[in-house]
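The values are calculated or read from the model by the stated rules, or taken from the named source; none is laboratory data. Note that the coordinates shown come from a computational prediction; the quantities given were computed from them, not determined experimentally. Neighbour counts run over all protein chains shown; Cβ positions are idealised from the backbone, glycine included. Heavy atoms of the whole protein, side chains included, go into the accessibility calculation; ligands, DNA and RNA do not. Shrake-Rupley method; radii C 1.70, N 1.55, O 1.52, S 1.80 Å.
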Amino acid sequence: MTNENTEPRKRLLALDTSTAVLGVAVTENGELLHEINASGERNHSVHLLPIIEQALQASGTTVANLGGIAVGVGPGSYTGTRIAVTAAKTLAWAWNVPVVGISSLHAVAWGGYEIALKNKTTAESGQATANSGYGPDWIIPLMDARRGQVYTGLFAADGNSSLSRLEPDAIRLMADWVEYLAERLQQASAEGT
């Protein structure tokens, strides 16, 4: 008998506290098993561990079938980010699982794109549609950074492939960012890309 059939299923615990929303999720093979999002800026340190416990219990996840931890590393609140990173590193050490840092904006962009693909597939299942021919989709995650600023980046996706980064994560003035994106879109249209 091979070890493939006797190994426990591997799951991933994901944490993010870089914004006012504390997010915890458990996934397996890219599928969401359970997710908890709790608002409460300045209380993440109090609520993170109990919410992790709730998510693990709700998804039937034990340390034995946990394959690793992914943690949002911002951009966002420095103190908030430190809370999730510290918890992830501590739990990874205690549970002897790997930990990886993920751009919070990349995670938001990927999540939004996955939802858009599912909605598009659902809409197209009832009718025949032609390829738009416009090129890759742009994904622009935004998080409020206050004072007219946003944490943002720019990603592109074409079909079911992974996202490619067009602009780095950064804090930007929203008015300047919109102007820049309009110019870039106009340039891309002129180039036919």
Checklist (1) open to solvent by 70 Å² or more (accessible area, probe 1.4 Å); (2) modelled with pLDDT of 90 or more applied to Phe155, failing item: (1)
Test result for Val178, free of Cβ contacts under 8 Å to residues at least 60 places away in the same chain and out of contact with any Lys or Arg (no Cβ under 8 Å at 6 or more places or on another chain): yes
Residue under evaluation Asp169, criteria (1) in a helix (DSSP H, G or I); (2) acidic (Asp, Glu); (3) in contact (Cβ under 8 Å) with a residue 60 or more places away in the chain, criterion not met: (1)
Filter pass, Ala109 being modelled with pLDDT under 85 and touching a strand residue (DSSP E or B) at 6+ places or on another chain (Cβ under 8 Å): no
Answer residue from segment 171-193, given it is of a type in the set (Gly, Ala, Ser) and exposed (fewer than 13 other Cβ atoms within 10 Å of the Cβ) and is modelled with the lowest pLDDT among those: Gly192
